[in-house]
Amino acid sequence: MNIYRNIETLPEFRKTILTIGSFDGVHLGHQSILKRMVTLAKEISGESVVVTFYPHPRNVVFPNDKKTFLLNSPEEKIEEIRRTGIDHLVIIPFSVEFSQLQAREYVEKFLLAKFHPEYIVLGYDHKFGLNRLGDIRLLKEYSVQYGFKVMEISAQELENNTISSTKIREAVEEGDVQKAYQYLGYPYRLSGKVVYGDKLGTSLGYPTANLQLHFKDKLLPKEGVYAVKAIYDHLTFDGMMYIGKRPTILSEGLQALEVHLFEFSENAYGRDVVVEFIEFLRDDMKFSGKEALVEQISKDEAAARFILKEYNAFKGVKAPRTSIVILNYNGKDFLESFLPSVSFSSNNEDVEVVVIDNHSDDESITYVKEWHPEVKTISLTKNYGFAGGYNKGLLNVEAQYYVLLNSDVLVTDGWLDPILQMMDNDPTIAATQPLILSLENKSLFEYAGAAGGFMDVLAYPFCRGRLFDDVEENKGQYNENAEIFWCSGAATVIRAEVFKNLGGFDTSYFAHHEEIDFCWRVKRAGYKVMVCGESKVYHMGGGTLSYQSPYKMFLNFRNNLFTLVKNESMFLLFYKLPFRLVLDGIAAILFLTKGQWSNVWSVLKAHGHFYVGFLKAIRHRHFFTQKIYQHRIGPYNSKKLYKKLIIWDYFIGGKKKFSDLRPNDFT
């Protein structure tokens, strides 16, 4: 993250996503805004810019009022903003002169003149300018004229209480550091230097480090005893902290900040310590004498150790290694029907569910947040299609395995477990799909993927369990685990590292065939693609786009040609491509004889787009081939490529089932 303190020397930011505020505490509400900016910046290849102020505006505008003590020092604020992934932080020295800017001056002379934003992202209640008269409504008025967009972040709710820096300050002042932790998303902290004290703690058998704060405007928690974590010399120790005037020992005294660290015996004088408050133990109080005080401190230690043991166990839980990622566009009905079943995908708790929304307008995400708050949501600013939507959304998902799942899929209990076990046992497996059965007729395989995808010599795709429109009944004939050529995009598990290394989906496809193109790259990089016969799901099929849709027909013809050009060797492409174009022409003639005019137009339109985009496809070929060479684990794994022409065997040879094809005709 780049940090700027002089507004006159700012660089020219690219596609600026801007937000402005004091951000005291950088609490969960702030983090919601900042993370949304980071997501948006990745989506549009822009730069996220945070503008904040120091000193705190209230202390400048109302100097005679009670001083506002802060939740963060400037250094702590910088570090918390850095954690969110923001690109640039601009720190404005807040002055009386700056506070006198009228709202419109603030927008014109400050926001627009200095940052030229493409997006301004703000909380629902953000106010600016003299007397706080500027608001989101005013920004939206300017957005029409200056061509930027205003993105409003709704109130971040936690247990029905809107998060605010003021409420966190109140919690800290009351000693409710657990509530502060909940609102901040991290423990409340004090940082300072260890200084010499009067060694009263040592005389009581509990040596303490006396803390002198680095930041004098830091808000102190209520006086009392706390269970804490302390970071010293890059190591973390359990301990307890006392804040108070030591009434048992001294009749009058200054407030002391003393931390006792368990299992710590070093000389820390002059060194820096950061203390994190985990839980309030008791109020400061006066005891009858030293013996009673030591007895109570012993009880405090036992309580602190128990609390910190529980806390350490909780913090030891790792982030999920498997993310079930559902791409949604206006699929509220599907989410209502099928999302509840997704929670039973695995008996392993190390799984999270994520919904990437392609800018729906049917309240899909509102439904998810209200009824499935455990599900993470990622909202994109427009519909990028299947390929682009996944690529954009997955930039914000960290996991070992991506589970790409259509919103119209009903999963079975534990369907993921055998797939993950198989992939864990064989690191050369890059992608695996389950058996995909029809939701409408559960005895049949489903068109989109069936029991695994294959490809013939001219790159025509087909499936075990489905040749063209002939779908087989599931009689257990494909219950074994088997290597295939491609996985269905309806339900597949992909090794995240491979997905990233090989460039993800080709976003120019928009939808359809991108998973086949990706799997071909996977095979070219030496990996395996598998189907797990022990696992099954049920797919509605055509839920998002009908199989008979002319648009889908167009995408399939166009994208299939692009896939051939991008992945076949140049030598073989020289004769295969003309042959494919002729066969597509024959298909158009057959559609014509049947009066299927929309399909004829789809084929012609697909070819037109292919010719126009041919050079672009060649560039994409070079880009993805470079990725393959950089990350391949072996030579081209051409297993399961059908050496004959499937359309000939099906239409002329009468082979209507996968079992009719000879095993020797596969590589």
### Query
Points 7 angstrom from Cα along the Cβ direction at F314 and E12: gap in nanometres?
5.0 nm
#### Entry: Estimated translational D of the range 365-501 in µm²/s (Stokes, Kirkwood radius over Cα pairs; 4 °C; 1.567 mPa s)
78 µm²/s
### Message
Checking the cross-link filter: which aspartates and glutamates have an alpha carbon closer than 15 Å to that of K66, excluding same-chain neighbours under 8 positions apart?
### Response
E170, E173, D217
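Students often get this wrong, so check it: of K605/K656; K114/K382; K35/K127; K536/K657; K167/K229, which have C-alpha atoms separated by over 25 Å? The partial results should precede the final answer.
Values: K605/K656 29 Å; K114/K382 27 Å; K35/K127 21 Å; K536/K657 20 Å; K167/K229 23 Å.
Among K605/K656; K114/K382; K35/K127; K536/K657; K167/K229, the Cα-Cα distance tops 25 Å for K605/K656; K114/K382.
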### Task
Could you give me the percent of Cα pairs per 20 Å distance bin for the chain, shortest bin first, beginning at zero and ending with the bin that holds the maximum distance?
16, 39, 30, 13, 2, 0
### Task
Round to the nearest 10 and give me the degree value, 0 to 90, for the angle of helix 28-44's Cα axis relative to the longest principal axis of the chain.
30 degrees
## Note on the structure
Packing-ranked peptide list from 370-378, 591-599, highest mean Cβ count within 10 angstrom first, is 370-378, 591-599
#### Entry: In nm, spacing of pseudo-spin labels at R271 and L213 (7 Å Cα→C-beta vector)
2.4 nm
### Message
Can you tell me the orientation of helix 597-612 relative to the chain, as the angle in degrees between its alpha-carbon axis and the longest Cα principal axis, to the nearest 10?
### Response
70 degrees
## Note on the structure
Against the 2.2 N^0.38 Å rule of thumb, the C-alpha Rg of the range 549-667 sits at a ratio of 1.22
### Message
Order 509-522, 168-181 from most to least packed using the mean count of other Cβ atoms within 10 Å.
### Response
509-522, 168-181
### Separation between Cα centres of the range 609-628 and the range 58-85, rounded to whole Å
51 Å
#### Entry: Principal axis dimensions, largest first and in whole angstrom, of the range 6-60 by Cα
37, 31, 9
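How large, in Å, is the range 2-161 by the Kirkwood hydrodynamic radius built from its alpha-carbon pairs?
Taking every pair of different Cα atoms in the range 2-161, averaging 1/r and inverting gives 16.1 Å.
Working from the pairwise distances between different alpha carbons, so that the mean of 1/r is found and then inverted, what is the range 187-315's Kirkwood radius in Å?
Numbers: mean 1/r = 0.0674 Å⁻¹.
Result for the range 187-315, one decimal place: 14.8 Å.
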### Query
Roughly how many nanometres apart are two label points built 7 Å out from the Cα toward the Cβ at N664 and V294?
9.3 nm
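Rounded to the nearest 0.05, what FRET efficiency do E483 and K369 have when you use their Cβ-Cβ distance and R0 = 45 Å?
On the way: r = 40 Å, r/R0 = 0.90.
It comes to 0.65.
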### Task
Among DSSP beta bridges lying fully in the chain, give the percent that are antiparallel, nearest 5.
55 percent
### Task
Figure the gain on full extension for T381 and K500 (residue separation times 0.36 nm, minus the Cα-Cα span) and round it to one decimal in nm.
40.6 nm
### Task
Measure out, as a whole number of angstrom, how far apart the alpha-carbon centroids of the range 316-375 and the range 425-463 sit.
23 Å
### Query
Relative to the first principal axis of the alpha-carbon coordinates of the chain, what is the inclination of helix 614-631, with its axis defined by its Cα atoms, in degrees from 0 to 90 and to the nearest 10?
60 degrees
### Task
Could you order peptides 626-632, 83-89 by the average number of other Cβ atoms within 10 Å of their residues, highest first?
83-89, 626-632
### Translational diffusion of the range 322-665, µm² s⁻¹ [Kirkwood Rh, Cα pairs; Stokes-Einstein; 10 °C; 1.306 mPa s]
78 µm²/s
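I need the semi-axes of the equivalent ellipsoid of the range 589-629: take the C-alpha gyration tensor, multiply each eigenvalue by 5, square-root it, list largest first in whole angstrom.
On the way: eigenvalues 215, 20, 6 Å².
The equivalent ellipsoid of the range 589-629 has semi-axes of 33, 10, 6 Å.
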### Query
Which parts of the range 424-468 would a label at S569 reach, counting a residue when its backbone N lies under 15 Å from a point 7 Å out along Cα-to-Cβ?
457-458
### Query
N64 label point, 7 Å along Cα→Cβ, cut-off 14 Å on backbone N: hits in the range 120-134?
none
### Message
Could you tell me how far the Cα centroid of the range 465-521 sits from the Cα centroid of the range 241-284, in Å?
### Response
60 Å
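Since every read-out is calculated from the coordinates, none of them should be taken as a lab result. This structure is a prediction, so every number in the text was calculated from the model and none was measured. Every residue, glycine as well, gets a Cβ built from its backbone with ideal geometry; the counts of neighbours run over all protein chains shown.
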